[in-house]
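Engineer: Attaching a single structure in structure tokens format; questions to follow.
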Amino acid sequence: MDGRQQRGLELAATRTIRQKAGIWIVPSQAGAGTYRVHIMPKIASCTCPDFETRGVTCKHIFAVTYVMKREQNADGSTTVTKSLTVTATTERTTYPQNWQAYNAAQTNEKGRFQTLLSDLCSGIQEPQARKMGRPSLPLSDALFSATFKVYSTVSGRRFMTDLREAHTNGFISKTPHYNSIFRYLENPELTPILQTLITQSSLPLRSVETDFAVDSSGFTTSRFTRWYDHKYGQVRQQHDWVKCHLMCGVKTNIVTAVEIHDRNANDSPLLPAMVETTARNFQMSEVSADKGYASKANAEAVANVGAVPFISFASHHRGNGGGTWEKMYHYFSFRRTEFLQHYHKRSNVESTFSMMKRKFGDGLRSKTDVAMVNETLCKVLCHNLVVLIHEMYELGIDPVFWQAQTASV
């Protein structure tokens, strides 16, 4: 019995599950709210995010099957005479792994990473030199050092050995002090430059990616938020975090647009800007997003760049208002299985965040707001370069940066 079956059994034993007009109403196990389960002879469907996102038999469907199997009468004199087995409306897709390319990418990653990062940073135009005072660290060296430090996942002091080796190998012109790296991360002028580098690092895959997904996730900080809980009469606290909003390709997980905001930033208003940024460099065919992005403005923003918005609808949506919003609502209502086949590509943005956090950590070492933003952008840039390294072995590409333009500060 897997986890979903176990939770379904707990739901059937501890919650009241009722049937109304052929639809089973199953309470949420985590909190308030209910989900609607439709059981048919060979297939079943549920309105919960787990089923809509993954297309697998969820705990709510399992709970209904257990209720249908157990005794039906209050006195227990009659039991159900049939055993019911259901399957999801869509099969879970598995993807083969090219282990030869994967192994080659992993064993050569660190060297390739430094080469690509050095090529990328070399396209940054240096600011005008100061006439007085000590000469500043070259901007390309500062960007290389900060990004490579985030890639290493170690402290600034322990990172100095790697930095000296990078200087010996010619990737930087001089070895900066670790405090210099921290000071550059606290510079707000570095933020748009890092976003430019992220965009440039995605361009070698513009001929590969046509379908995109968008979502947000948090990176924890060393700060805490505290509040007084009047209900229980005690002070509570939890880690503060910054929220990373990004759009990525669903084939390679390359990040094409990113926005960093505070923990309370709403997801939906940020979609048009990321769509516009991606559309400048990629031919967009589809955009997948969860129901948190469902709005008329977002549907039109995606349609305006020639793409189809596969954005899930909430239960209270009715598709009123015309335009792309109404068209996609009818698609969602009457061709649900086909709609979900496109919508399920959204799972790739979850994979992107998982890749990023497992490799470079889900926490931030920086203490100031600006440094937190820049450190998060460095994580995204590191992820893009790692994706490029894998595709060098998987697809045989040869990344070349700054073909059409030169960055400026």
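The values are calculated or read from the model by the stated rules, or taken from the named source; none is laboratory data. In this text, all values refer to a predicted model and were calculated from it rather than measured experimentally. All Cβ positions, glycine included, derive from the backbone under ideal geometry; neighbour counts span all protein chains shown. Remember, those area values only see protein heavy atoms, side chains included, never the ligands or the DNA or RNA. Shrake-Rupley method; radii C 1.70, N 1.55, O 1.52, S 1.80 Å.
Engineer: Based only on Cα atoms, what mean projected area does the convex hull of segment 173-290 have, in nm²?
Structural biologist: For segment 173-290, averaging the hull's shadow over all directions gives 11.0 nm².
Engineer: Kindly report the accessible area of segment 1-66 per residue (heavy atoms of protein chains, probe 1.4 Å, no ligands, DNA or RNA), in Å².
Structural biologist: Roughly 52 Å² per residue, with all protein chains present.
Engineer: Ignoring ligands, DNA and RNA, what accessible area per residue does segment 106-264 give at 1.4 Å, in Å²?
Structural biologist: 51
Engineer: Once all Cα-Cα distances of segment 279-376 are split into 10 Å bins that start at 0, what whole-number percent is in each one?
Structural biologist: P(r) for segment 279-376, in whole percents per bin: 14, 36, 25, 18, 6, 0.
Engineer: Turning to a different aspect of this structure: Mean Kyte-Doolittle of at least 0.5 plus a Cα span of 27 Å or more along the axis: flag which DSSP H helices in the chain meet both, please.
Structural biologist: 369-394
Engineer: Note down the net charge around A301, summing +1 for each Lys or Arg and -1 for each Asp or Glu among other residues with Cβ under 15 Å from its Cβ.
Structural biologist: Local net charge: -2.
Engineer: Just to confirm my numbers, what's the Cα centroid distance between segment 245-265 and segment 279-310 in Å?
Structural biologist: A separation of 14 Å, based on Cα centres.
Engineer: Compute the Rg/Rh shape ratio of the chain: radius of gyration over Kirkwood radius, all on alpha-carbon atoms.
Structural biologist: 1.04
Engineer: Reachable lysines from K149, Cα under 19 Å, same-chain residues fewer than 8 places away excluded?
Structural biologist: Straight-distance partners of K149: K110, K174, K357, K359, K367, K379.
Engineer: Sticking with this one: For N169, what is the net charge nearby, where nearby means another residue's Cβ is under 15 Å from its Cβ and Lys, Arg count +1, Asp, Glu -1?
Structural biologist: Charge balance near N169 sits at 0.
Engineer: Using a 1.4 angstrom probe on heavy atoms only, work out the carbon and sulfur share of the accessible area of segment 103-185 in %.
Structural biologist: 48
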